[in-house]
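*Asks:* So that we are looking at the same thing, I have put the structure below in structure tokens.
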Amino acid sequence: MLRLEALHKRYATGEVALTSVDLEVPKGQVMALIGPSGAGKSTLIRCVNRLVPPSGGRIFFDSQDVTRLGSRKLLKMRRKMGMIFQEFALVERLSVMENVLSGRLGYVGFWRSFLRKYPQSDIDDAFRLLKRIGLDHMVDKRADELSGGQRQRVGIARALIQDPQLLLVDEPTASLDPKTSRQIMRLICELAHERNLACVINIHDVPLARMFAQRVVGLRLGEIVYDGTPEGLNDDVLTEIYGEEDWHINKYARKAARQESSCEKEETAKPAAMSV
Amino acid sequence: MAVSQQGNLKVWHRFDRKQQWISWAGWLTGTIIFVYCFQLISEKTFWMFVWDAPTQVGDLAYRMIPPTWGYFDKIWKPLWDTINIATLGTLLAIIIAVPIAFIAAANTTPSTKFVRPFALLAIVSSRSINSIIWALLLVAIVGPGLFAGIIAIGLRSVGFIAKLLYEAIEEIDPKQVEAIQATGAGRLQVLTYGIVPQILPAFAGISVYRWDINIRESTVLGLVGAGGIGLQLNASIMELAWSKVSLILIAIIITVIFSEWISAKVRHAII
């Protein structure tokens, strides 16, 4: 379905985001991409639909090399890749319906989209999706009137109405509360399974990745350092991905740590005060 | 900062001795210059006229009151012309300014090196020439009348609208644009879905604000023969018909208040 070969990205500033990434995602697989900030997760999924042009390597999608496509063919290819964004990236001043329908822009001509004259089949689709995500009563609300969870649902509907084969999901829960985060992740995974879509989800919340993904890939400094099941994510692997940290820190350990550090502060503070 | 030791006390002053001297010298020089300039100006002023000013003001007010209300049926037509000059001029400016703004904005320009500098040049040259100077030129080119006024107002406003609009375009949220690009939308679709909704409130605000300014500017265009109420105003001042002048001033004030009211309404409605 999606295959990356020696994918390399170096920004104009000289910063290397991806060194050489080989990755294959089969149809129907929900894959979580985890890693610290700056590991290149966002760059990786943006290279796939060429929102960020890759500087080396190849990307095969649907048996075509995405890196070699001309601009017209690229637009056609993007229709097959739905994207869901961190902080939703809805067009704030357009209605829920317009935002959902904007997922069809790659299929309708300019004037039809400008005059909002979408084919009835698209509108049927939009209503079906809005019902599925539970927002069919908010069709005419403006996007900036919705709550975070509702906005992300609209974002999901916009990606799915493209009728994609691949979902590229960039930190979908970064600005949501824990419960809404789970609901959103569940919804994305359910919809991906229903439609048998390949799905790459950037996520920095490891427990969520464990809970919902079939496969986890760990990225560190632009390189894959882990590729396996969620169960295989043990302390050593997490240390390998994120660096040294006590992964078992619990309530008691935190309390103890706090006391320890406050003791330290008192001891160091006293002699300092005397010297003044 | 000056810290000095007096016995075992640490004394702090904002300035040290040297800074205090510099500051004192600065004030002294300033005072000398002021006194000298005052003398220069005073020598070239006919103080007799200045002492006379309150009497003159009183006299003028006396002649202005009451306004010649009957003259009103002669000025409503030029007043209407004035509003039309402002409105049509603003529309003309909008039509020219919108494409210039998109070319001038760093994130939507087709080419930073070749096209953008021309757009910026157009903006600067339009803004740096006052509408009354545009009107002088245009009266010479297309002859006196409303048409010259409309074009003068239009040309002056292009730079204003284009500048504010391109700044608004540069401040849009790029994520919304990215999201539209990711759907496979074409360039024009990205423009109408990703960018236009974001700048619409700014666009409406800028246009109405400029229209409001233009109403005020077009009241003086008549002074150089470019149509509108300014012509009557000039004529009345020339023939020392102060009661007519006051009527015209009242009419202008009412029009301006009316235009401010409309522009406030429109801004509230759109944002």
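The values are calculated or read from the model by the stated rules, or taken from the named source; none is laboratory data. All figures in this text were calculated on a predicted structure; none of them were measured in a lab. Using ideal geometry, Cβ is built from the backbone for each residue, glycine included, and neighbour counts are taken over all protein chains shown. These accessible areas exclude ligands, DNA and RNA; they are computed on the full protein's heavy atoms, side chains included. Shrake-Rupley method; radii C 1.70, N 1.55, O 1.52, S 1.80 Å.
*Asks:* Other chains near A:99-105: what is the mean number of their Cβ atoms within 10 Å of each residue's Cβ? Mind showing how you got there, number by number?
*Replies:* Details: counts 4, 0, 1, 8, 6, 3, 12.
So the per-residue partner count for this stretch is 5.
*Asks:* Over chain A, what is the relative contact order in whole percent, taking alpha-carbon pairs under 8 Å and six or more residues apart? List each step's numbers first, then the result.
*Replies:* Numbers: 461 pairs, mean separation 71.4, N = 276.
Relative CO of chain A lands at 26 percent.
*Asks:* Over region B:118-271, what is the mean sequence separation of C-alpha contacts under 8 Å (at least six apart), divided by residue count, expressed as relative contact order in percent? Working shown, then result.
*Replies:* On the way: 155 pairs, mean separation 37.6, N = 154.
Once normalised by length, the contact order is 24 percent.
*Asks:* Based only on Cα atoms, what mean projected area does the convex hull of region A:1-135 have, in nm²? Show your work: numbers first, answer last.
*Replies:* On the way: hull surface 40.6 nm².
Average projection, Cα convex hull of region A:1-135: 10.1 nm².
*Asks:* Here is a follow-up. Counting only helical runs of four or more DSSP H residues, what would the 222 nm mean residue ellipticity of the protein assembly as shown come to if each run contributes -39,500 (n - 2.57) and the total is spread over all its residues?
*Replies:* Numbers: 21 runs with 311 residues, N = 547.
That calculation yields -18500 deg cm²/dmol at 222 nm.
*Asks:* Related question: Could I have the simple spin-label model distance between residue B:124 and residue B:34, label points 7 Å from Cα toward Cβ, reported in nm to one decimal?
*Replies:* Here the modelled spin labels are 3.8 nm apart.
*Asks:* For the protein assembly as shown, with only Lys/Arg (+1) and Asp/Glu (-1) charged at the beta-carbon, what is the dipole magnitude about the Cα centre, in debye rounded to 20? It would help to have the intermediate numbers written out before the result.
*Replies:* Details: 61 positive and 51 negative charges, 199 e Å.
In debye, rounded to 20, the protein assembly as shown gives about 960.
*Asks:* Points 7 angstrom from Cα along the Cβ direction at residue A:136 and residue B:74: gap in nanometres?
*Replies:* In this crude label model, residue A:136 to residue B:74 measures out at 7.2 nm.
*Asks:* What's the total accessible area buried between chains B and A, using a 1.4 Å probe, rounded to the nearest 100 Å²?
*Replies:* Roughly 2100 Å².
*Asks:* Something else about it: List the DSSP H helices in chain A whose Cα atoms stretch 20 Å or more along the helix axis and whose mean Kyte-Doolittle hydropathy is at least -0.5. Could the numbers behind the result be given before it?
*Replies:* Numbers: long enough: A:178-194 (24 Å, -0.41); A:251-275 (37 Å, -1.32).
Answer set is A:178-194.
*Asks:* Let me ask something additional. What is the P(r) of region B:160-258, as percent of Cα-Cα pairs per 5 Å bin from 0?
*Replies:* 2, 12, 15, 13, 11, 8, 7, 7, 7, 6, 5, 3, 2, 1
*Asks:* Using only Cα atoms, figure out Rg for region B:2-63 and give it as a multiple of 2.2 N^0.38 Å. Present the calculation step by step, with values, prior to reporting the outcome.
*Replies:* Details: Rg = 24.3 Å, N = 62, 2.2 N^0.38 = 10.6 Å.
Scaled against compact globular proteins, the figure is 2.30.
*Asks:* Just to compare against my own numbers: the Cα pair-distance distribution for region B:70-270, 5 Å bins, whole % per bin, please.
*Replies:* For region B:70-270, the binned pair fractions read 1, 8, 14, 16, 16, 13, 10, 8, 6, 4, 2, 1, 1, 0 percent.
*Asks:* Now a separate question. Report the equivalent ellipsoid semi-axes for region B:76-127 in whole Å, largest first, defined as the square roots of five times the eigenvalues of the gyration tensor built from alpha carbon atoms.
*Replies:* Working: eigenvalues 203, 20, 6 Å².
Whole-Å semi-axes of the equivalent ellipsoid: 32, 10, 6.
*Asks:* Ok, one more. Which three extents, in whole angstrom, do the alpha-carbon atoms of the protein assembly as shown cover along their principal axes, largest first?
*Replies:* The Cα atoms of the protein assembly as shown stretch 98, 90, 45 Å along the principal axes, largest first.
*Asks:* Please give me, ordered by residue number, the trypsin sites (Lys or Arg not before Pro) of region B:51-125 that lie in loop per DSSP and have at most 14 other Cβ atoms within 10 Å.
*Replies:* Working: sites: B:63, B:74, B:113; in loops: B:113.
Loop-located and lightly packed - B:113.
*Asks:* From zero outward in steps of 5 Å, how is the percent of C-alpha pairs of region B:22-169 spread across the bins?
*Replies:* 2, 8, 10, 10, 9, 8, 9, 10, 11, 11, 8, 4, 1, 0
*Asks:* Carbon and sulfur together cover what percent of the accessible area of region B:1-130 at a 1.4 Å probe radius?
*Replies:* Numbers: 7250 of 10140 Å².
The value for region B:1-130 is 71 percent carbon and sulfur by accessible area.
*Asks:* What does the charge add up to near residue A:120, with Lys and Arg as +1, Asp and Glu as -1, over the other residues with Cβ less than 15 Å from its Cβ?
*Replies:* Numbers: positive: A:104, A:112, A:116, A:117, A:128; negative: A:122, A:124, A:125.
Neighbourhood net charge equals +2.
*Asks:* Let me know the Rg and Dmax you get for region B:91-191 when you use only its Cα atoms, in Å.
*Replies:* 16.6, 54
*Asks:* Separation between the residue A:112 and residue B:14 pseudo-spin-labels, each 7 Å from Cα along Cα→Cβ, expressed in nm?
*Replies:* It is 7.2 nm.
*Asks:* Past 26 Å, Cα to Cα: identify those pairs from A:80/B:113; A:9/A:80; A:27/A:117, in the order given.
*Replies:* Values: A:80/B:113 35 Å; A:9/A:80 23 Å; A:27/A:117 33 Å.
Checking Cα-Cα distances, A:80/B:113; A:27/A:117 exceed 26 Å.
*Asks:* Based on alpha-carbon atoms only, what is the radius of gyration of region A:1-57 relative to the globular estimate 2.2 N^0.38 Å? Provide the component values of the computation, followed by the final result.
*Replies:* Working: Rg = 11.3 Å, N = 57, 2.2 N^0.38 = 10.2 Å.
Here the Cα radius of gyration is 1.11 times the empirical estimate.
*Asks:* Where does each of A:240, A:171 land when they are ordered by accessible area, with a 1.4 Å probe and the largest first? List each step's numbers first, then the result.
*Replies:* Values: A:240 90, A:171 20 Å².
Ranking A:240, A:171 by accessible area, largest first, yields A:240, A:171.
*Asks:* Here is a further query. Loop-only check: which GluC sites (Glu not before Pro) in region A:1-73 are DSSP coil with at most 14 other Cβ within 10 angstrom? Provide the component values of the computation, followed by the final result.
*Replies:* Working: sites: A:5, A:15, A:24; in loops: A:15.
Those satisfying the criteria are A:15.
*Asks:* Filter the DSSP H helices in chain B by two things, a Kyte-Doolittle mean of at least 1.6 and an axial alpha-carbon span of 24 angstrom or more, and list the hits by number.
*Replies:* Answer set is empty.
*Asks:* May I pose another question? What are the trypsin sites (Lys or Arg not before Pro) within region B:16-61 that DSSP puts in a loop, where the Cβ has at most 11 other Cβ atoms within 10 Å?
*Replies:* On the way: sites: B:17, B:18, B:44; in loops: B:44.
Here the trypsin sites (Lys or Arg not before Pro) that fit, given the DSSP loop and packing criteria, are B:44.
*Asks:* Follow-up question, since we're still on this one. Whole number please: convex hull volume per residue, Cα atoms of chain A, in Å³. Could the numbers behind the result be given before it?
*Replies:* Values: hull volume 51.2 nm³, N = 276.
It comes to 186 Å³ per residue, whole-number rounded.
*Asks:* For B:171-178, what's the mean count of beta carbons from other chains sitting within 10 Å of each residue's beta carbon? Don't skip to the end; give the middle numbers.
*Replies:* Details: counts 0, 0, 4, 1, 6, 11, 2, 7.
Whole-number average of other-chain Cβ neighbours for B:171-178 is 4.
*Asks:* Net charge around residue A:211, counting only other residues with Cβ within less than 11 Å of its Cβ (Lys, Arg = +1; Asp, Glu = -1)?
*Replies:* Values: positive: A:182, A:186, A:210; negative: A:205.
Spelling it out: positives minus negatives among the neighbours equals +2.
*Asks:* A further question follows. Within region A:51-71, whose backbone N sits under 12 Å from a point 7 Å along Cα→Cβ of residue A:1?
*Replies:* Within reach of a label on residue A:1, which here means backbone N under 12 Å from a point 7 Å along Cα→Cβ, region A:51-71 contributes A:62.
*Asks:* Here's a follow-up. May I ask for the longest run of chain B untouched by GluC sites (Glu not before Pro) that are loop-located per DSSP and have at most 13 neighbouring C-beta atoms (other than their own) within 10 Å? Could you put the intermediate results ahead of the total?
*Replies:* Numbers: sites that count: B:171, B:239.
With a cap of 13 other Cβ atoms within 10 Å, the longest stretch comes to B:1-170.
*Asks:* Roughly how many Å² is the accessible area per residue of the protein assembly as shown, as a whole number, for a 1.4 Å probe?
*Replies:* Details: 29830 Å² over 547 residues.
Value for the protein assembly as shown: 55 Å² per residue.
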